[in-house]
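Trainee: Below is one structure. I have some questions about it.
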RNA sequence: GGGUGGAUGGCGGAACUGGCAGACGCACAGGACUUAAAAUCCUGAGGCUCGCAAGAGCCGUGAGGGUUCGAUUCCCUCUCUACCCACCA
């Protein structure tokens with residue numbers, strides 16, 4: 001028979017799928033829908049193995065469910081705004097649009113070569129005005145709802161990308177994209193109030209049973225809800241006598257200036273957040289972050305202001321990473337100012353130190369050195385009093401062997417209570433006394449969305465000298481990116497220099513006004529693309545809710561773990577916004593999530609700089625897409641890291657040819673009839689295999705074992721030599737093999753399917769069903785253990801009872817000698833599974 | 001420091017709900033086919049000891065303990081490792 005000519009066959013089926021619109025999805029309320037989504041690629045230029053893995057996994061789900069008779073939507077598109085396009089523009093003098101579109105064209109071709117069952121009619125690119133128009137529309141809707149605001153903020157600034165980064169985009173103080181050290185810079189920026197949804201984003205996890213525990217825990221950590229209390233500590237000053245210029249002592253009072261009264265000021269407080277209100281009696285000092293406003297406010301009262309100011313300046317120049325990596329704590333005591341511990345009434349010193357973060361809680365802490373490592377370190381260094389308020393078994397505060405749980409001591413009426421109970425009791429007392437109130441705190445910060453870049457969605461706002469900030473009229477959307485722009489390396493947004501873009505009219509008063517030149521974070525684009533896919537060409541609305549609600553939520557989302565805390569939080573948030581705007585009727589966008597592992601070579605990530613890249617093009621050219629897909633799905637379970645192996649790939653290529661050659665076996669007629677026994681065994685193997693593959697894909701998502709079991713069935717067919725005279729059984733098994741493999745190696749399967757005379761596409765064929773009756777056996781082989789050690793095996797009739805089996809076993813020729821001279825203490829028989837004889 | 005996983009042959013990886021550890025594949029060895037090689041088909045194989053051999057015995061899922069007739073699986077302690085977060089009060 002002829003060889004399997006991979007490239008020709010694959011190209012032909014790709015063409016036929018397209019011509020026949022085999023993967024085109026249409027809303028059909030009568031049919032059960034299935035939405036399979038893969039994370040859309042950034043058009044960087046070339047497809048890499050990570051993409052191949054992502055899309056191969058996705059395609060198995062899509063094809064499997066399609067063959068199960070579901071109405072499958074399987075879209076693809078391009079996350080096509082972003083920095084690399086601009087960098088390319090500067091470096092190679094090519095317009096970002098041109099660069100992006102060329103990459104999309106090339107990568108689209110590569111994707112098509114993989115034979116993924118996409119509905120290409122739904123292709124979208126986020127850099128198209130038809131798409132980003134709706135980013136702007138959402139932005140304005142959110143602005144009107146009060147969810148968008150502007151504020152001056154210390155922002156993360158990447159000096160290399162020359163743009164602001166969201167907190168989520170800073171890793172270890174470095175830019176997530178280019179790894180430069182991130183600086184702090186004060187700028188007026190646009191924010192979205194994601195924190196309004198912090199609680200719901202957390203509680204929403206209840207609905208996400210189909211998400212990996214790891215991702216949920218990462219998000220939980222990221223949102224960082226903690227329970228505790230806010231407390232106000234009174235601040236007081238040294239009674240201070242002010243000297244006037246002429247050296248005469250001037251004393252101010254509410255009763256007028258005389259030359260003899262003391263200065264009296266209204267009471268001031270310092271607000272802190274703590275998760276351990278039970279330790280309030282142990283507070284012996286307070287610390288505020290160097291950015292805390294109280295410092296500037298009390299400038300006059302702080303005797304050592306110059307020293308404090310120096311410390312503030314020094315901290316400001318340090319990057320976050322420096323601050324965090326410096327384990328040796330530094331700080332300055334504020335002379336002349338002190339706080340009062342509300343519980344003990346004692347005066348306690350206030351420090352400023354950069355181990356207290358400005359962005360979390362209130363930027364100030366009550367320090368309990370006896371029960372917090374950081375506070376202990378600081379107290380030891382600066383010789384501050386340490387008061388133990390929780391006594392545990394190994395308490396030794398001198399050695400910093402402190403307890404977090406134990407019995408309350410040194411705390412007045414609370415002494416003797418367990419610290420775990422004291423949290424509630426002392427909080428309650430704090431509330432009653434009016435020192436503070438119980439509250440919660442989040443690590444999640446507002447989403448900073450403005451970027452000083454060109455290649456992104458323009459923020460649709462207008463600055464009018466008369467009316468202030470005014471949103472663009474919805475009917476004037478989209479605000480399109482001007483194409484005639486200059487790229488410079490000076491760090492300014494190229495939009496700022498574009499007169500024709502900047503100068504406009506105020507939508508309110510029609511006077512001259514200027515456009516906002518910031519663009520949106522590209523995570524906005526990817527926050528709702530899954531909804532746009534359901535109605536991608538709509539030019540009246542982002543999408544038609546009727547259609548979108550049919551398809552949503554996404555039944556299975558497949559993508560990399562690296563998006564656990566950025567994209568996957570933003571899009572959950574966006575979905576809730578869309579729900580609150582009445583556009584969708586679900587709470588969560590993605591029902592099930594599969595996070596695929598990395599593809600590595602020699603154990604480390606493939607990267608250009610390491611030069612250890614395996615190019616999908618070469619592999620496809622040599623072995624075909626089916627082989628590449630099969631290997632990538634077979635070599636490891638989808639969630640695990642996968643190390644590329646040329647030898648393993650070769651093995652998959654051999655398997656594909658082995659399946660191909662089965663055609664010959666099936667065709668060859670034999671004179672010798674197949675034995676009944678052999679036929680039953682083969683038939684049983686087939687039904688077992690259908691069961692296994694169906695469960696492995698549908699329930700377990702274990703594609704590697706699904707493929708193994710088909711390999712076993714193929715092996716069984718090779719062993720089953722009585723092909724021919726068996727009333728078509730081997731043909732039936734072969735057809736089953738082809739159907740079961742279709743989600744993995746679709747081109748091969750289409751080709752064989754048509755050569756077997758089928759008129760339909762295997763891609764649209766019905767998934768095989770197994771029948772229990774063919775799996776059931778009359779006799780089974782059961783292992784026999786003596787004292788837990790395997791000593792033999794016997795065949796038993798499935799219906800025989802324990803006594804019959806016992807008689808049979810103890811007389812078995814292999815077991816009998818082992819039992820010789822010993823007493824049977826216990827005989828355990830687990831039906832059709834195992835026999836264990838306990839002897840003495 | 002906090003969180004979440006993981007550790008099984010030479011390698012990638014299997015093993016239902018506590019029931020024959022090592023499926024399937026790679027690499028390896030032997031055989032058939034061939035003038036020869038490749039390809040293909042068939043067979044073998046966790047380790048150690050004994051045996052010419054068929055085979056027999058012991059050990060074996062990171063380490064130590066526990067529960068159980070029986071543990072890769074459950075519990076405790078520890079080691080190593082990957083990823084995420086991290087002076088988060």
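The numbers here are math on the coordinates, done by the rules we state, and not lab data. In this text, all values refer to a predicted model and were calculated from it rather than measured experimentally. Methodologically, a virtual Cβ is constructed for each residue, glycine included, from the backbone with ideal geometry; neighbour enumeration extends over all protein chains shown.
Trainee: 7 Å from Cα along Cα→Cβ at both residue A:661 and residue A:483: what's the point-to-point distance in nm?
Mentor: 5.6 nm
Trainee: Pull out the extension gain between residue A:200 and residue A:581, defined as 0.36 nm times the separation in residues minus the alpha carbon to alpha carbon distance; nm, one decimal.
Mentor: Stretched out fully, the residue A:200 to residue A:581 stretch lengthens by 135.6 nm.
Trainee: Given the peptides A:219-231, A:514-526, A:607-619, arrange them by the average over their residues of other C-beta atoms within 10 Å, most packed first.
Mentor: Result, highest mean Cβ count within 10 Å first: A:514-526, A:219-231, A:607-619.
Trainee: In Å³ and rounded to a whole number, note down the convex hull volume per residue for the Cα atoms of the stretch A:668-772.
Mentor: 100 Å³
Trainee: Where in the stretch A:110-138 does the amide nitrogen come within less than 17 Å of the point 7 Å from the Cα of residue A:97, taken along Cα to Cβ?
Mentor: Only A:125-134 fall inside the zone, counting backbone N under 17 Å.
Trainee: Let me ask you something else. Can you give the FRET efficiency to the nearest 0.05 for residue A:109 and residue A:771, using r as the Cβ-Cβ distance and R₀ = 51 Å?
Mentor: 0.70
Trainee: Further question: Between the helical axis of A:625-634 and the dominant principal axis of chain A, each derived from Cα atoms, what acute angle in degrees is found, rounded to the nearest 10?
Mentor: Roughly 70 degrees, rounded to the nearest 10.
Trainee: Counting only DSSP beta bridges with both residues in the stretch A:274-359, what percent are antiparallel, rounded to the nearest 5?
Mentor: 60 percent
Trainee: Based only on the alpha carbon positions, what is the Kirkwood hydrodynamic radius of the stretch A:341-482, in angstrom?
Mentor: 19.9 Å
Trainee: What's the ranking of A:732-742, A:17-27 by average number of surrounding C-beta atoms within 10 Å, highest first?
Mentor: A:732-742, A:17-27
Trainee: Right, another one. Using 1/(1 + (r/R0)^6) with R0 = 41 angstrom and r between the beta carbons of residue A:347 and residue A:185, what's the FRET efficiency to the nearest 0.05?
Mentor: Result of the calculation: an efficiency of 0.60.
Trainee: Roughly what would the spin-label model give for residue A:309 and residue A:612, points 7 Å off Cα along C-beta, in nm?
Mentor: Output for this residue pair reads 5.5 nm.
Trainee: Right, here's the next one. Over chain A, what is the relative contact order in percent, taking alpha-carbon pairs closer than 8 angstrom and at least six residues apart?
Mentor: 14 percent
Trainee: Ok, one more. Arrange the peptides A:633-641, A:474-482 so that the one whose residues have, on average, the most other Cβ atoms within 10 Å appears first.
Mentor: A:633-641, A:474-482
Trainee: Would you mind getting me the FRET efficiency between residue A:830 and residue A:32? Use the beta-carbon distance for r and R0 = 35 Å, nearest 0.05.
Mentor: FRET efficiency, residue A:830 to residue A:32: 0.35.
Trainee: If I model the stretch A:759-800 as equal point scatterers sitting on the Cα atoms and use the Debye formula, what is log10 I(q)/I(0) at q = 0.29 Å⁻¹?
Mentor: -0.97
Trainee: Once label points are set 7 Å from the Cα along Cα→Cβ at both residue A:178 and residue A:293, what is their separation, rounded to one decimal in nm?
Mentor: Placing both labels 7 Å beyond Cα along the Cβ direction yields 3.4 nm.
Trainee: What angle, in degrees between 0 and 90 and rounded to the nearest 10, separates the Cα long axis of helix A:567-580 from the longest principal axis of the Cα atoms of chain A?
Mentor: Orientation of helix A:567-580: about 80 degrees from the principal axis.
Trainee: Diagonalise the Cα gyration tensor of chain A and give the resulting equivalent ellipsoid semi-axes, square root of 5 times each eigenvalue, largest first, whole Å.
Mentor: The answer is 63, 41, 22 Å, longest axis first.
Trainee: Whole Å is fine, so just give me how far the alpha carbon centre of the stretch A:529-554 lies from that of the stretch A:1-72.
Mentor: 20 Å
Trainee: Multiply the residue separation of residue A:154 and residue A:732 by 0.36 nm, subtract the distance between their alpha-carbon atoms, and state the gained length in nm to one decimal.
Mentor: The span from residue A:154 to residue A:732 would gain 201.2 nm if fully extended.
Trainee: Could you please state, rounded to a whole Å, how far the C-alpha centre of the stretch A:158-208 is from the C-alpha centre of the stretch A:763-811?
Mentor: 59 Å
Trainee: Can I ask one more? Largest first and to the nearest Å, give the Cα extent of the stretch A:532-598 along each principal axis.
Mentor: 40, 21, 18
Trainee: What do you get for the angle between helix A:746-755 and the principal long axis of chain A? Use alpha-carbon atoms, 0 to 90 degrees, nearest ten.
Mentor: The answer is roughly 20 degrees.
Trainee: If you stretched the chain out fully between residue A:234 and residue A:780, how much longer would it get, using 0.36 nm times the residue separation minus the C-alpha to C-alpha distance?
Mentor: Extra length available between residue A:234 and residue A:780 comes to 188.5 nm.
Trainee: So what is the calculated 222 nm ellipticity per residue for chain A, using -39500 (n - 2.57) for each DSSP H run with n of 4 or more, over all residues, to the nearest 500 deg cm²/dmol?
Mentor: -10500 deg cm²/dmol
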